[in-house]
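This report refers to the structure that appears directly beneath it.
Read-outs throughout are calculated quantities, based only on the coordinates presented, and are distinct from any laboratory measurement. Every value quoted in this text rests on a predicted model; they were computed, and no experiment measured them. Cβ placement follows ideal geometry from the backbone for every residue including glycine, while neighbour counts extend to all protein chains displayed.
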């Protein structure tokens, strides 16, 4: 039976490379018992090395009651690992056939109802759950590297995933201290990777065309917009580019720059509907914070980041 | 005559809205005498309000010797302002005709040889310097909002700009405490805005298609890759996605994801030349830092950012 999200005690991490091992370290730090499985030779040593390397950072961020590296069990047999699961996080290499077969094997060995989540960077669960007998409990839970430090997890189901599974998984990750985006659309690359990938592709085009060097690209982000993005995302950032008029002023007056050749990505057509949706979204997100409040918040945040990184 | 970069005493800021006013505050904090000019009604009051609002942040970051808000002079007559300049920073609205005329007016009134820099977000100086009698001294010096906090300035000349002007301006901004990218290619949007714009356009497409909400887009960045970008730019970030093999392993093994529909921006073709240029760039940028060093640096940085923002 599926436990309640707050009743999960044992997490099975199937695949313990950089991402899966990062999950192991994170779940241990939150006080879970973790069973690690990976078919690679020397996997257990590499996993314990990774957990040891991450532990000082996790300790600095604060361990949950009962958190202990001794709660890690390495289990070389997949069915024996899955049999113990209250929750499974799969982090195998990005190979669709491999993930299809592995999820089917996990499904066959995991107690009824227990949720099986995949770290896939971009495959749709619809395409991965095809061989499972119980696809309703399979879901994407996409983390960011390193999973033990970056809070974001994107949760999205496939066509055969039960809506309850998405809700359960979102709640489980929230209780485990993660920042969760529960998506109701299955989009390749989810959200953050799509945004990151657009930036990355433009960067590769610029290098290919001799327009910028690798070092210039990195410096342009770390010393430019990258300093604002931990504080406000791209939408609230541009909300402030509109002065007191906010996003409405920004779109109405600077909308034409969408037609400028500022990237190789053609812009969305700025229909009245899109304009209104973006403005309304910024207003919702800002809540009762005025433009002045948000400017002060951004400035405090950027200063804090600069000082934290020894750059002020 | 053009002063040496270290001899600049008086900076003229032509246009003192959000960006120009931010420049005024920044130059005051670095100990310069600043002459502000703006044709808008009530511009002086708005400028002094903006400088007062920014001053606590600038004080916290550390004022230069002699920095004083009393060093701000507001001058309603453009030629009278320009006559005093050791350096001019133009921050008029983004309107090409307006900027062409204004730069010509500034050029006519500014002492011989003194550099005239434009804050334009994306126009090429080639297109803006057309009406100037002395276009060789005109250059783009593109800041990020707010210019008093974000270090980045992108410096690039137009077809008629003297190479010396680009070198002088880069040195001046560096002496003034800025982080400078001197570009040798004139590309619309320069570097940071192209990368930022690609991300923004993908975000707008996602809202238009109902794939993500404004709030989800912002959260996906602030709680995801946005936490890494003040520490490492997009290239070094993916250098670490390749494990010990770095960017070479990343491109050789995950290159096929460039063909995935993870954004609406078509990818650059990963030719051997592009692959080698990106790998070599990452190796140059990493210098003598090993992958382990960079991972530790990233982890320390992300933790510092999380703690600085009260999120750890």
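When you count the other C-beta atoms within 10 angstrom of each residue and take the mean per peptide, A:98-106, A:17-25, A:53-61 line up highest first as A:17-25, A:98-106, A:53-61. Taking every residue in A:254-261 and counting other chain Cβ atoms within 10 Å of its Cβ, the average works out to 4. Modelled spin-label separation between residue A:312 and residue A:276, with each label point placed 7 Å from Cα along the Cα-to-Cβ direction: 4.3 nm.
Shape call for the range B:5-182 from the C-alpha gyration tensor, a ≥ b ≥ c root eigenvalues: rounded (a/c under 1.5), prolate (a/b greater than b/c) or oblate? Since a/c reaches 1.5 and a/b is larger than b/c, the shape of the range B:5-182 is classed as prolate. Counting only other chain Cβ atoms within 10 Å of each residue's Cβ, the peptide B:297-303 averages 5. With semi-axes defined as the square roots of five times the eigenvalues of the C-alpha gyration tensor, the equivalent ellipsoid of the range B:246-312 measures 28, 19, 9 Å, largest first.
If you run the Gaussian network model on chain A, springs between alpha carbon atoms under 10 Å, then out of A:191, A:116, A:221 the most flexible one is A:221.
Taking a ≥ b ≥ c as the square roots of the eigenvalues of the Cα gyration tensor, the range A:167-305 is rounded, since a/c falls below 1.5. Its DSSP H runs of at least 4 residues, each contributing -39,500 (n - 2.57), put the calculated 222 nm mean residue ellipticity of chain B at -14000 deg cm²/dmol, to the nearest 500.
The other copies place their residue B:184 label points at 5.4 nm from this one, listed shortest first, where each point is 7 Å from Cα along Cα→Cβ. When only alpha carbons of chain B are considered, Rg and Dmax amount to 21.7, 62 Å. Taking the label point 7 Å along Cα→Cβ, residue A:290 and its counterparts in the other copies are spaced 5.5 nm apart, in ascending order. Please compute the average number of Cβ atoms from other chains found within 10 Å of each residue's Cβ in peptide A:95-103. Shielding by partners across A:95-103 averages 0.
Projected over every direction and averaged, the convex hull enclosing the alpha-carbon atoms of the range B:30-83 yields 3.9 nm². Note on residue A:184 and residue A:69: their simple-model spin labels are 4.5 nm apart, each label 7 Å out from Cα toward Cβ. For chain A, the longest principal axis of the alpha carbon atoms and the long axis of helix A:43-61 meet at an angle near 50°.
Comparing mean-square fluctuations of B:154, B:112, B:273 from a GNM of chain B with C-alpha springs under 10 Å, the top value falls on B:273.
Oblate is the label for the range B:1-90, because a/c, from the alpha-carbon gyration tensor with a ≥ b ≥ c as root eigenvalues, is 1.5 or above and a/b does not exceed b/c. The Rg/Rh ratio of the protein assembly as shown, with both radii computed over alpha carbons and Rh defined as the Kirkwood radius, is 1.01. Taking packing as the residue-averaged number of other Cβ atoms within 10 angstrom, the listed peptides B:282-292, A:253-263 run from highest to lowest as A:253-263, B:282-292. Helix A:96-109 axis versus longest C-alpha principal axis of chain A: approximately 50°, rounded to the nearest ten. Label-point distances for residue B:255 to the equivalent site in the other copies, using a point 7 angstrom along Cα→C-beta, read 4.3 nm when ranked shortest first. Mind pulling the angle between the C-alpha long axis of helix A:291-308 and the longest principal axis of chain A? Nearest 10 degrees, somewhere in 0 to 90. Helix A:291-308 sits at roughly 60 degrees to that axis.
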